[in-house]
Structures are given as C-alpha cells and as structure tokens.
Amino acid sequence: MPSRLINEIKLGPVGYQLWEADKEGLPDLRSDLKPDTEAYFAWLATLPSFRFVGKEGHFTARKETRQRGDIYWYAYRRQGKQLSTYLGTTDKLTVAHLESTAQHLAVTCTAQPKKKTVRRRPVQRAVLQSRIADKDKVIEQLQAENQRLKEELTAVKVENAKLRVANRERQY
C-alpha cells in the first residue's frame, strides 16, 4: 500500500499552506513559500505528486509524462470509481485553478449515483435440501448413462476384435 502523501497544499486558518516531507519524512510547513509565486511553481516542479485540500473539495495531483515526453499534471479523486481530470503544465497550477478543479471533482463525485446494495434473503434449509436432492438425481442419471455407454463401448470393442480374428483366419 502506498504511503500517505506528505506534499500538500491545503487551506488553513490564514490562507493556503504548503507542506512537504522533511528529512525524517514528517510533514513540515513551508512558510517561505507563498502560493502563485515563482518559488511556488519551482517547488511544484520538483514534486512527483501532491494533495490539494481547498474550500470546495480535495484531490491528489500526479505529474505524468506523456508520449511526446511532455510533463503534465492530472487530478485524481476516488468516489466509487476513480475520476480524473487534466490540470495542465506546472505553470498553470495556480491556487484558483486548483480550487476550481477541486470543485469540479466534488460536483462530479456527488452526481455519481450511489450503488444500492440489495441484501438477499438467506435461502431456507428445506429449499437447499431439495436443490441438493435434484442435483443428486441428475448425478445418478449421468452415472447410469455413463455405465450404459461403457457397456456399449465394450460390446463394440468385442465385436471389433472378433472381426479382426476372422480377417486373420481368412488370410491363412
């Protein structure tokens, strides 16, 4: 199971906060970085993925290399099934864009129909026993048919052997 993402952009009491793993792998607040600055985009370029938690929703963003070698970001969120949406290149990852993507994924997730699980009633013992009896009858019929076919095959083999012996006697 993958470890929890430490790199995170989340809305805190004083605005958006940027978190990343320190040398021990623990979350560390990056107070030197402010959203939508050059240093912020440079920091994002070094990350393979991050989690975004905003006012309208949340998602995980992953950096992916496409066929032509270009690097793009995609947002993923799981709600029954995994949903994804294109974020763009690193320079497009402004907080406003991330917030609108989180809102879009949240709306899409709530619009997904929830799968209703219908609990089946347990089958009664008498019904199960009658089903077993029916299967036993079918097995007996198949075994009888199998025995009949074996006997028929034996008779054919005996007849075939008699014909071979008769052919040998004619040759001498």
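The values are calculated or read from the model by the stated rules, or taken from the named source; none is laboratory data. Bear in mind the structure is a predicted one, so any value in this text is a computation, not a measurement. Every residue, glycine among them, receives a Cβ derived from its backbone with ideal geometry; neighbour counts consider all protein chains shown. Calculation scope for accessible area: heavy atoms of the full protein, side chains included, ligands and nucleic acids excluded. Shrake-Rupley method; radii C 1.70, N 1.55, O 1.52, S 1.80 Å.
Remarks
- Gained length - Lys81 relative to Val158, 0.36 nm times residue gap less alpha-carbon distance: 21.2 nm
- Averaged per residue, the chain has 78 square angstrom of accessible surface, using a 1.4 angstrom probe with ligands and nucleic acids left out.
- Within the accessible area of the chain (1.4 Å probe), percent carbon and sulfur: 53
- Remark: spin-label model distance Leu29-Arg120 equals 5.4 nm, labels positioned 7 Å along the Cα→Cβ axis.
- Taking packing as the residue-averaged number of other Cβ atoms within 10 angstrom, the listed peptides 26-34, 132-140, 89-97 run from highest to lowest as 89-97, 26-34, 132-140.
- Electrostatic tally near Ser49: other residues with Cβ closer than 9 Å to its Cβ, Lys and Arg +1, Asp and Glu -1, net +3.
- Each 5 Å bin, from zero up to the one with the longest distance, holds this percent of the alpha carbon pairs of segment 25-67: 5, 16, 21, 30, 20, 6, 2, 0.
- Furthest towards positive pole of dipole, Val14, Ala42, Val127, structure part segment 1-146, Cβ charges: Val127
- For the chain, share of DSSP beta bridges that run antiparallel, in % to the nearest 5: 90
- Calculated P(r) of segment 92-172 - Cα pairs past 15 Å, %: 81
- Taken along its three principal axes, the alpha carbon spread of the chain comes to 107, 56, 34 Å, from the longest extent down to the shortest.
- Per residue, the Cα convex hull of segment 40-130 amounts to 159 Å³.
- Span from the segment 22-43 Cα centroid across to the segment 121-172 one, whole angstrom: 77
- Its Cα centre serving as origin, the chain has a Cβ charge dipole (Lys and Arg +1, Asp and Glu -1) of approximately 1240 debye.
- Whole-number D in µm²/s for segment 1-84 (Stokes-Einstein; Kirkwood sum over Cα pairs; 37 °C, 0.692 mPa s): 235
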